[in-house]
């Protein structure tokens, strides 16, 4: 069931009432034509390529830029890495005034050497998730080279 609570020339607020467990979903549109939110976010990683040997760690800087009308918090995440690679972000969610996070990448001892494209994503409420790629190379341990 859709019910319009307020409507103006530039803003339409619609609440979709779900019958399942009394959930309420609220959506905001930027104009009467239902063009969606006008805000955005972009994400970058430095360096774009990183080599780490098993049992070691490294860091990369994640930068985000808010655009348009978006001023909210952003959540950064990583995907595509092997299960033996742990990636954490500090800070995790970026509040409205924060534009950078440090990714710490810990490569487990049993990680197979190779190239792993890691997708870094930035997401916020009401905006399209944006991604970039970190080329993670897991090198051979010194003992494996002998």
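Quick note: the coordinates plus some simple rules give every number you see, no bench work behind them. This is a predicted model, so every value here is computed, not measured. Using ideal geometry, Cβ is built from the backbone for each residue, glycine included, and neighbour counts are taken over all protein chains shown.
The spread of Cα positions in the range 76-135, taken along each principal axis and listed from longest to shortest, comes to 38, 20, 15 Å. Can you tell me how much longer the chain between residue 116 and residue 44 gets when fully stretched, taken as 0.36 nm per residue apart minus their C-alpha distance, in nm with one decimal? Extending this stretch completely gives an extra 24.2 nm.
Listed peptides 43-49, 119-125, 70-76 appear in the order 119-125, 70-76, 43-49 once ranked by packing, highest mean of other Cβ atoms within 10 Å at the front. Each distinct pair of alpha carbons in the range 40-141 adds a 1/r term; the inverse of their mean, the Kirkwood radius, is 13.8 Å.
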